[in-house]
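K.L.:
Dropping the structure in here first, questions after.
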Amino acid sequence: MSRFRDESRWAFTHHVSTTEFLSVERKTGAHAISHRGQHLDILIEDRKSPATLVVFHSAVAPKIVTYPVFSGADLARDLDINLVSISDPSIAFPGANLAWHLGNTTIGPLRPVMAPLIHHALASLSTKRTILFGASGGGYAAAHFAPDFPNCVALVVNPRLTFRAGLGDQLSSYFELCHGMTTTEELSPELEKQLKPYGPASIAEVTEKDMNYRLAIYQNLGDARFLKHQVLPFIEEVGDRSGVSLRLNVDDFGHKAIPGKLLREIILSLAVEPELGAALTASRFYKPVDSLRTALAEFPRILKSESVLARKYSVLQQQAIKTRNTMRQQTNELNKELELVRHELIEVVESGRRELAVASTSDSRLRSQVESAQAIIAELTRENYRLLNTPSRLHRFVNSTSMQRVRRIIPARIKRKIRTRTLRIKANAKSPTWS
């Protein structure tokens, strides 16, 4: 599946290079920056707010057939804060839905190119609080770019934090589509070496002890796969570093989005609270160990919440089964009706074929009769023409033995008419006036 470029939704300003983009103050709107044959797309919205939300989108649904893709516009508008939204250029590659804002063979590693562009956009907005935001694959990008933005906070929701586990075929698909490499699903040492210029295999590698930014991780406890393969291994690796905060919450089963109301409350707190640490604490982000301890202390409530979710899931499952059975029954009934209609159609078709055969036979006979009649008429016409146009033949016919025989048996009155007609014919035959 290939996407096509569509700029109709935004007012775009085009730039011939990154140098040209960096040379002037930027204005609100979408910007397309040409770089090595591709576009680097940035959406800037200035609401004169001291806080700016920098958004990295996650995987793009296959049903979305256009690019660029800008996320976070509704979120920033609802909170009345500035927005800088980044569209991953790799989604322009056919079939690429997720590329973690790493880059590709055309433009090379994305972070060294994109980070200065984001800095320039932030400078034009006079930002005092920068919030890098991403969920899932976008969470990896926000955490990856964060070291380039001192004093920022990277809010990552149910994020991918490592490529060493829980990937499926996503990484191999990325390398195949964006780098033309055939790989296995596992991150081998050779593949990790290829990945390194574009991004770390684990975010823990760029999370230093003396961090110049804050990393706030929000994880849904109902998302068992990401909790097991992403967050817990990351916390185990980074320990209790001062720049890392964690909030564990029960939202729903599976890799689902954070509730919109809760997300807005968290971002608003981070945007308006003067002291960032206090804002994180107010939003229930704690040191990883404290967050795990809090989760254990609230385990009964979590179990109750999970029980409620489980009951809701059970009810939904029963409703789904009931709906499925009803649909099966309706489908069976519909199939029976269709079978009856099919038999009726077969009968109609066969009857039509028989009538057509009879009609064809009758038509053939009628056609034969018409042709015979036409032949007789044609022969009579030809014979009449010969009689009228050949006086000697007409003369012989009038004086023939047959004509004499006819004269003897017809009445005298008719004879006189025939005699008069005969004399006239003879006179005409001696001096013809045929035209």
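The values are calculated or read from the model by the stated rules, or taken from the named source; none is laboratory data. Bear in mind the structure is a predicted one, so any value in this text is a computation, not a measurement. Reconstructed Cβ throughout: ideal geometry from the backbone, glycine too, with neighbour counts over all protein chains shown.
K.L.:
Being modelled with pLDDT under 95 and crowded, with 18+ Cβ neighbours inside 10 Å: is that true of residue 133 here?
P.N.:
The answer is no for residue 133.
K.L.:
Just for region 44-68: of the residues that are within 20 Å of residue 102 (Cβ to Cβ) and of a type in the set (A, V, I, L, M), which one is surrounded by the most Cβ atoms within 10 Å (Cβ to Cβ)?
P.N.:
Among those that are within 20 Å of residue 102 (Cβ to Cβ) and of a type in the set (A, V, I, L, M), it is 54.
K.L.:
Right, residue 130: hydroxyl-bearing (Ser, Thr, Tyr) and part of a strand (DSSP E or B) or not? Step through it out loud before you land on a result.
P.N.:
Working: hydroxyl-bearing (Ser, Thr, Tyr): yes; part of a strand (DSSP E or B): yes.
So residue 130 fits the description; yes.
K.L.:
While we're on this one: Would you tally the residues in region 149-172 being within 22 Å of residue 135 (Cβ to Cβ) and outside any loop (DSSP other than H, G, I, E, B)?
P.N.:
Here the count works out to 8.
K.L.:
Test residue 79 against the stated conditions and say whether it is under 24 Å from residue 28 (Cα atoms), in contact (Cβ under 8 Å) with a residue 12 or more places away in the chain and touching a Lys or Arg at 6+ places or on another chain (Cβ under 9 Å).
P.N.:
yes
K.L.:
Specify the residue that is modelled with the lowest pLDDT; the eligible residues are those in region 1-18 that are among the polar types (S, T, N, Q) and part of a loop (DSSP other than H, G, I, E, B).
P.N.:
From region 1-18, those among the polar types (S, T, N, Q) are 2, 8, 13, 17-18; that's our starting set.
Add one more test, that the residue is part of a loop (DSSP other than H, G, I, E, B), and what stays is 2, 8, 17.
Values: 2: 79, 8: 93, 17: 96.
Only one residue tops the list, namely 2.
K.L.:
Can you pull out the residues in region 234-256 that are assigned to a loop (DSSP other than H, G, I, E, B) and within 35 Å of the chain's Cα centre (by Cα)?
P.N.:
Answer for region 234-256, where residues must be assigned to a loop (DSSP other than H, G, I, E, B) and within 35 Å of the chain's Cα centre (by Cα): 250, 251, 252, 253, 254, 255, 256.
K.L.:
Quick one: in region 257-282, which of the residues that are without any contact (Cβ under 8 Å) to a residue 40 or more places away in the chain and outside any helix (DSSP H, G or I) is surrounded by the most Cβ atoms within 10 Å (Cβ to Cβ)?
P.N.:
Going through the qualifying residues, I end up with 273.
K.L.:
Assigned by TED's automatic domain parsing to the domain that holds residue 102, touching a His at 6+ places or on another chain (Cβ under 8 Å), in a helix (DSSP H, G or I) and of a type outside the set (S, T, N, Q): does that describe residue 175?
P.N.:
no
K.L.:
For region 21-31, name all the residues that are of a type in the set (Gly, Ala, Ser) and surrounded by fewer than 20 Cβ atoms within 10 Å (Cβ to Cβ).
P.N.:
The first filter runs over region 21-31 and keeps only residues of a type in the set (Gly, Ala, Ser), leaving 23, 29-30.
23, 29, listed by residue number.
K.L.:
Please work out which one of (1) part of a helix (DSSP H, G or I); (2) surrounded by fewer than 20 Cβ atoms within 10 Å (Cβ to Cβ) is the condition residue 138 fails and give its number.
P.N.:
(2)
K.L.:
Taking only pairs six or more apart or across chains, which ones have beta-carbon atoms under 9 Å, a first residue in region 83-95 that is at positive phi, and a second residue that is surrounded by fewer than 24 Cβ atoms within 10 Å (Cβ to Cβ)?
P.N.:
That search, which allows pairs on different chains as well, returns 95/1; 95/2; 95/62; 95/173; 95/176; 95/177.
K.L.:
Let me ask another. Pairs, please: C-beta under 7 Å, at least 6 apart or cross-chain, first residue touching a residue at least 40 places away in the same chain (Cβ under 8 Å) and over 15 Å from residue 90 (Cα atoms) and in region 137-148, second in a helix (DSSP H, G or I) and of a type in the set (A, V, I, L, M, F, W, C)?
P.N.:
140/203; 143/203; 144/203; 144/206; 145/115; 147/206
K.L.:
Consider residue 91 carefully, then state whether it is surrounded by 18 or more Cβ atoms within 10 Å (Cβ to Cβ) and either more than 15 Å from residue 44 (Cα to Cα) or among the acidic types (Asp, Glu) (or both).
P.N.:
On the way: surrounded by 18 or more Cβ atoms within 10 Å (Cβ to Cβ): yes; either more than 15 Å from residue 44 (Cα to Cα) or among the acidic types (Asp, Glu) (or both): yes.
Spelling it out, residue 91 is indeed surrounded by 18 or more Cβ atoms within 10 Å (Cβ to Cβ) and either more than 15 Å from residue 44 (Cα to Cα) or among the acidic types (Asp, Glu) (or both).
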